[in-house]
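Just below is one structure, and these are the notes that go with it.
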Amino acid sequence: MGKYQRLKDLREDKDMNQSELAKIIDTSQKQYSRWETGEYTIPFDIAIKLAKFYKVSLDYIAGLTNDKRGIGYNSKTTVKQTYNANNQTVINNIKEK
């Protein structure tokens, strides 16, 4: 179990203390503190609540990526750009046949 520094950073970015956040996710401040410090592993359902609250991916909370949208996102390429590029490739392949 490691420290969940991202949880602390996200909470502080919202100018909240542990008690305030604990109320939002329906737990005690003590329990939340144990998750934030890594004393206990965060249950998956709580991690989902936190990701939704902060509008970030579970990957970001887990520290697997620095992109708040999650693994697989390239900050220089949007999903729309990728979609358009893929469609253009299909169109070009059809034209060539």
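The values are calculated or read from the model by the stated rules, or taken from the named source; none is laboratory data. Predicted model, so just to flag it, every value in this text is computed and none were measured. No Cβ is skipped: glycine too gets one built from the backbone with ideal geometry, and neighbour counts run over all protein chains shown. Keep in mind that these areas ignore ligands, DNA and RNA; they rest on the heavy atoms of the full protein, side chains included. Shrake-Rupley method; radii C 1.70, N 1.55, O 1.52, S 1.80 Å.
Give a residue-ordered list of calculated ³J(HN,Hα) values for region 66-71 (Karplus: 6.51 cos²θ - 1.76 cosθ + 1.60, θ = phi - 60°; whole Hz; x for Gly, Pro).
9, 8, 4, 7, x, 5
Mind ranking Asp45, Asp15 by accessible surface for me, highest first, 1.4 Å probe? Intermediate results must be reported in sequence, preceding the final value.
On the way: Asp45 90, Asp15 135 Å².
Highest to lowest solvent-accessible surface, that is Asp15, Asp45.
To the nearest 10 Å², what's Tyr40's accessible area with a 1.4 Å probe?
Solvent-accessible area, nearest 10 Å²: 100 Å².
With every protein chain present, what accessible area does Lys68 have (1.4 Å probe, heavy atoms only), rounded to the nearest 10 Å²?
Approximately 100 Å² for this residue.
Just grab the label-to-label distance for Arg34 and Phe53, each label 7 Å out from Cα along the Cβ direction, in nm (one decimal).
Placing both labels 7 Å along Cα→Cβ, they lie 1.7 nm apart.
Heavy atoms only, 1.4 Å probe, whole protein assembly: order Asp67, Asp26, Asp13 by accessible area, highest first.
Output order, biggest surface exposure first: Asp26, Asp13, Asp67.
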